[in-house]
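I have placed the structure first, in the form of structure tokens, so that the comments after it can refer back to it.
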Amino acid sequence: MTDGTRSERRHDDIPSGRTAVVIGGGLAGVTAALALADAGVRVTLLEGRPRLGGLAFSFRRGDLTVDNGQHVYLRCCTAYRWFLDRIEGTALAPLQDRLDVPVLDLAKPEGRRLGRLRRDPLPVPLHLGRSLAAYPHLSLAERARVGRAALALKGLDLADPSLDAQDFGSWLAAHGQSARAVEALWDLVGVATLNAVAGDASLGLAAMVFKTGLLSDPGAADIGWAHVPLGELHDRLARKALDSAGVRTEVRTRVTSVSTNENGTWSVQVPGETLTADTVVLAVAQREAYDLLPSGALDAPENLLEIGTAPILNVHVVYDRRVLTKPFFAALGTPVQWVFDRTHASGLRTGQYLALSQSAAEDEIDMPVAELRERYLPELERLLPGARGAGVEDFFVTRERTATFAPTPGVGRLRPGARTKAPGLYLAGAWTATGWPATMESAVRSGVSAADAALRTLGRPRPRHLFEFEEAA
């Protein structure tokens, strides 16, 4: 909050039923705040950190601007694409013209081998047919079985709740997928999008990822990523959009309690001040939401504590010369998963800065930096011949121990929707029941859902330009 005397504050100049407090300044909270403000609601956004963006942010390290981790999105991430457009950031995070993923394999006896996953301008599923037929990291028989499994996956009904109780790995094995096929294809995509290997992932969530990303539209899996620091998008441009919409944004402001008043309004307590509003959106992590929820707001609030978390480790290496000519690649037969060139985005003027994104990193998340250096630098030299004679100017790691919710079988029944049993209180966050895994897309969708529910209760019209869910069409 701003310095000075703090006391109870109302938006007295706004008619009753048109005030809201959004708690949490990640993508879910920013989205909810923008949607409510665009509908004429007076909004205050509270964030405990000194910046917006949640777990997709940037920081300074010497002369570099560093993202805490590499975040990408797909063309099928229509809500996040709407968000980028809303904050005027689309041009700063462009999509590929066409899906093209270089995949380097170190597992073969003959040494380093390059394959590609790319699409042709053909209808689904033919758009990936030529790429799969030529994919060198699987045998001819394995490629044929992958095609049959993909067709079986396409036939699954995502509305079937029984899918949530099954694990993806067992389903793949039952459909003829070898361990090699799981490693070289299904986990190549699934670990990056689900933050779990197939055996630990809900079939429902995995089916949603593959059906939507690879089996819905030819261009659905085209990859987009920020060509600027994430803070430029999720903090600076987001804050500019919030300011333009009339949202009062307060960072470094930790909410200590949320409670109802006798007149049906809500009180939000922060150090030195109580804010009163007609609507509250809790857009924080599930455990923080549990701590702030008033009694009776959910039938089974303990479910929130049962939603597990999964870590992501990010390894950052600055070389004294250019060692990678592509913007990114994926790897097999090595601990390295995905490698991105972040040189230009970071502001580095000489040499090259690579960021390694390591999902499902339970075994490495607490490993000392020295051990990670010994583990990953030789692997990069195996993958990139140019790194073998290059000097390492800097090596550091960033760790997100609770980067995402764990997409384990059964998690779907634990994820609450936007509405609670407390009138005027709503939930948002990638962990809520969006149908998506814990992605930026899920976060934005949850913010829209919370705002939609609040606006219906407030009797406010939905902004015409607000993201429209497909199922609502």
**Message:** Considering only C-alpha atoms, what is the centroid distance from the range 197-245 to the range 105-139, in Å?
**Reply:** 23
**Per-selection metrics, the range 342-397 (Cα): Rg and Dmax in Å** = 12.3, 34
**Message:** Please give me, ordered by residue number, the chymotrypsin sites (Phe, Trp or Tyr not before Pro) of the range 374-469 that lie in loop per DSSP and have at most 16 other Cβ atoms within 10 Å.
**Reply:** PHE469
**Asked** Ignoring ligands, DNA and RNA, what percent of the accessible area of the range 318-473 is carbon or sulfur (1.4 Å)?
**Response** 49
**Asked** Mind checking the angle between helix 203-214 and the chain's longest principal axis? C-alpha axes, 0 to 90 degrees, to the nearest 10.
**Response** 70
**Asked** Using modelled amide H (1.01 Å from N, peptide plane; none on Pro or chain starts), what sits under 5 Å from the amide H of GLU393, excluding residues fewer than 5 places away?
**Response** VAL318, TYR319, ASP320
**DSSP bridge pairs, the chain: antiparallel proportion in percent, nearest 5** = 70
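Ratio of Rg to Rh for the range 273-385, alpha carbon only, Kirkwood?
Radius of gyration relative to Kirkwood radius: 1.18.
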**Item:** √(5λ) per eigenvalue of the Cα gyration tensor, the range 244-296, largest first, Å
**Value:** 18, 16, 12
**Prompt:** Of all the stretches in the chain, which is the longest one without any exposed loop site, taking GluC sites (Glu not before Pro) in a DSSP loop (any state but H, G, I, E, B) with at most 16 other Cβ atoms within 10 Å?
**Reply:** 111-261
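Grab the alpha carbons of the range 46-181, take their convex hull, and tell me the volume per residue in Å³.
218
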**Asked** Applying the Karplus parametrisation 6.51 cos²θ - 1.76 cosθ + 1.60 with θ = phi - 60° to the phi angles of the range 422-430, what ³J(HN,Hα) value in whole Hz is obtained for each residue in order, glycine and proline being reported as x?
**Response** 8, x, x, 10, 10, 10, 9, x, 4
**Message:** Assuming 0.36 nm per residue, please report the length gained on full extension of the stretch ARG462 to THR325 beyond their Cα-Cα distance.
**Reply:** 44.7 nm
**Crossing angle, helix 27-38 versus the chain [Cα axis fit, 0-90 degrees, rounded to tens]** = 40
**Message:** Please list, ordered by chain and number, the residues whose modelled amide H lies under 5 Å from the amide H of ARG116; skip anything fewer than 5 residues away on the same chain.
**Reply:** VAL103
**Portion, in percent, of the accessible area of the range 23-104 that falls on carbon or sulfur, probe 1.4 Å** = 48
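Quote the charge dipole size of the chain about the Cα centre in Debye, to the nearest 20; the model charges only the Cβ of Lys and Arg (+1) and of Asp and Glu (-1).
Roughly 960 debye for the chain.
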**Item:** Rg [Å, one decimal], Dmax [Å, integer] - the range 232-327, C-alpha atoms
**Value:** 20.0, 66
**Request:** Just subtract the alpha-carbon distance of ALA152 and ASP363 from 0.36 nm times their residue separation and send over the number in nm, one decimal.
**Result:** 72.7 nm
**Asked** Using alpha carbons only, how many degrees (0 to 90, rounded to 10) separate the axis of helix 440-458 from the longest principal axis of the chain?
**Response** 20
**Amide H contacts under 5 Å for LEU332, placed H, 5+ residues apart** = LEU104, ASP105, LEU106
**Item:** log₁₀ of I(q)/I(0) at q = 0.06, 0.09, 0.11 Å⁻¹ - the chain, Debye sum with one point per alpha carbon
**Value:** -0.27, -0.62, -0.91
**Item:** Selection from ASN195, PRO218, THR276, by position along the positive dipole direction of the range 181-284 (Cβ)
**Value:** THR276
**Complete:** Under the helix-only model (-39500 (n - 2.57) for each DSSP H run of 4 or more, divided by the residues of the chain), the mean residue ellipticity at 222 nm, to 500 deg cm²/dmol, is -8000 deg cm²/dmol
**Item:** Solvent-accessible area per residue for the chain (1.4 angstrom probe, square angstrom)
**Value:** 41
**Asked** Roughly how many whole Å is it from the C-alpha centroid of the range 369-414 to that of the range 22-53?
**Response** 32
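Within 10 Å of each candidate Cβ there may be at most 13 other Cβ atoms; applying that plus a DSSP loop requirement, which trypsin sites (Lys or Arg not before Pro) in the range 390-473 survive?
LYS421, ARG464
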**Asked** Roughly speaking, what is the stretch gain from ARG130 to ARG375, that is 0.36 nm per residue apart minus the C-alpha to C-alpha distance, in nm to one decimal?
**Response** 84.7 nm
**Prompt:** Once the other residues with Cβ under 12 Å from the Cβ of GLU371 are scored (Lys, Arg +1; Asp, Glu -1), what is the net sum?
**Reply:** -2
**Message:** Cα atoms only: what Rg and Dmax, in Å, come out for the range 122-275?
**Reply:** 22.8, 69
**Asked** Which of the trypsin sites (Lys or Arg not before Pro) found in the range 257-359 are in a DSSP loop and have at most 16 neighbouring Cβ atoms, other than their own, within 10 Å?
**Response** ARG321, ARG322, ARG349
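The values are calculated or read from the model by the stated rules, or taken from the named source; none is laboratory data. Because the structure is predicted, anything quoted here is derived from the model rather than measured. Neighbour counts run over all protein chains shown; Cβ positions are idealised from the backbone, glycine included. Please note that ligands, DNA and RNA were not included when accessible areas were found on the heavy atoms of the full protein model with its side chains. Shrake-Rupley method; radii C 1.70, N 1.55, O 1.52, S 1.80 Å.
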